[in-house]
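Chemist: What follows is a single structure, and I will ask about it in a moment.
Please treat every number below as a calculation from the coordinates, not as lab data. Because the structure is a prediction, the values reported are computed rather than measured. Every residue, glycine as well, gets a Cβ built from its backbone with ideal geometry; the counts of neighbours run over all protein chains shown.
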Amino acid sequence: MSNIMKYKGYWAEISYSDEDECFCGQIEGLKNDLILFEGNTVKELKKDFKDAINHYLQACKDTNSLPEKQCKGSLNVRLGTELHTKAKIKSMEKHISINELIKDAVTAYLKTN
C-alpha cells in the first residue's frame, strides 16, 4: 500500500486531517512554490491533485517561468566519518568516484526493494 500519488512527474505523500476531516497533500521538495490539494474522497483527492499540478504548470507557462523540479539530481548525504572513509577507500579500489559508488549502491538497493 502506498500513500504516494504521482502525476506529470510530480508526487506527494497523502495524509488525513482529522481536524478538517479530509485527505490532503502537498507536493514535496519544492523550495519556492507551494502546491496543496485535498479531497473528502479518494476521487476528489485525485482530481484536486491533478488540477493543482495542471494549474501550477499553466501558471508557470503564463509567466514564462520554469516549473520547479522536486529532485535536481544532486544531494548532500551525511554518512558519518567511518562509513565515508570506507566508501572512499572502496571507490579508490574500484577506480571510480565516490559519487559513482554511491549511485551504484542506491541503484542496486532500489532493484532489490
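Chemist: Out of the residues in region 55-76 that are assigned to a helix (DSSP H, G or I) and free of Cβ contacts under 8 Å to residues at least 12 places away in the same chain, state the one that is surrounded by the most Cβ atoms within 10 Å (Cβ to Cβ). Can you show your working first?
Modeler: As a first pass, look at region 55-76 and keep what is assigned to a helix (DSSP H, G or I): 55-62.
Restricting the remaining residues to those that are free of Cβ contacts under 8 Å to residues at least 12 places away in the same chain gives 55, 58-62.
Numbers: His55: 12, Gln58: 10, Ala59: 12, Cys60: 14, Lys61: 11, Asp62: 8.
This residue is Cys60.
Chemist: Further question: Working carefully through the options Leu79, Leu101, Leu30, find the one that is surrounded by 13 or more Cβ atoms within 10 Å (Cβ to Cβ) and touching a residue at least 40 places away in the same chain (Cβ under 8 Å).
Modeler: Working: Leu79 fails: touching a residue at least 40 places away in the same chain (Cβ under 8 Å); Leu101 fails: touching a residue at least 40 places away in the same chain (Cβ under 8 Å).
Leu30 is the lone residue from the list that is surrounded by 13 or more Cβ atoms within 10 Å (Cβ to Cβ) and touching a residue at least 40 places away in the same chain (Cβ under 8 Å).
Chemist: If you don't mind, there's one more thing I want to ask. Can you name every residue in region 95-111 that is among the hydroxyl-bearing types (Ser, Thr, Tyr), part of a helix (DSSP H, G or I) and more than 16 Å from Leu83 (Cβ to Cβ)? Outline the logic, then answer.
Modeler: Of all residues in region 95-111, those among the hydroxyl-bearing types (Ser, Thr, Tyr) come to 97, 107, 109.
So of that shortlist, the ones also part of a helix (DSSP H, G or I) come out as 107, 109.
The answer is Thr107, and nothing else.
Chemist: Let me ask another. Kindly indicate the residue of region 11-25 that is assigned to a strand (DSSP E or B) and touching an Asp or Glu at 6+ places or on another chain (Cβ under 8 Å) and also farthest from Ile53 (Cα to Cα) among those meeting that condition. Steps first, answer last, please.
Modeler: Our first condition is that a residue be assigned to a strand (DSSP E or B); within region 11-25, this holds for 11-17, 22-25.
The next check asks that each one be touching an Asp or Glu at 6+ places or on another chain (Cβ under 8 Å); those that pass are 11-13, 17, 22-25.
Details: Trp11: 10, Ala12: 11, Glu13: 14, Ser17: 21, Cys22: 19, Phe23: 17, Cys24: 14, Gly25: 12 Å.
The extreme case among them is Ser17.
Chemist: So in region 1-27, with the set limited to residues that are closer than 27 Å to Lys72 by Cβ and touching a helix residue (DSSP H, G or I) at 6+ places or on another chain (Cβ under 6 Å), which one is surrounded by the fewest Cβ atoms within 10 Å (Cβ to Cβ)? Full working, then the answer.
Modeler: Keep residues of region 1-27 that are closer than 27 Å to Lys72 by Cβ, which gives 2-15, 24-27.
From what's left, touching a helix residue (DSSP H, G or I) at 6+ places or on another chain (Cβ under 6 Å): 5, 7-8, 10.
Numbers: Met5: 20, Tyr7: 15, Lys8: 11, Tyr10: 22.
Top of the filtered list is Lys8.
Chemist: Being out of contact with any helix residue (DSSP H, G or I) (no Cβ under 6 Å at 6 or more places or on another chain) and more than 30 Å from Asn99 (Cβ to Cβ): is that true of Lys43 here?
Modeler: Numbers: out of contact with any helix residue (DSSP H, G or I) (no Cβ under 6 Å at 6 or more places or on another chain): yes; more than 30 Å from Asn99 (Cβ to Cβ): yes.
So Lys43 fits the description; yes.
Chemist: Phe37 passes all but one of (1) within 22 Å of Tyr10 (Cβ to Cβ); (2) out of contact with any helix residue (DSSP H, G or I) (no Cβ under 7 Å at 6 or more places or on another chain); (3) not in a loop (DSSP other than H, G, I, E, B); which number fails?
Modeler: Unmet for Phe37, out of (1) within 22 Å of Tyr10 (Cβ to Cβ); (2) out of contact with any helix residue (DSSP H, G or I) (no Cβ under 7 Å at 6 or more places or on another chain); (3) not in a loop (DSSP other than H, G, I, E, B): (2).
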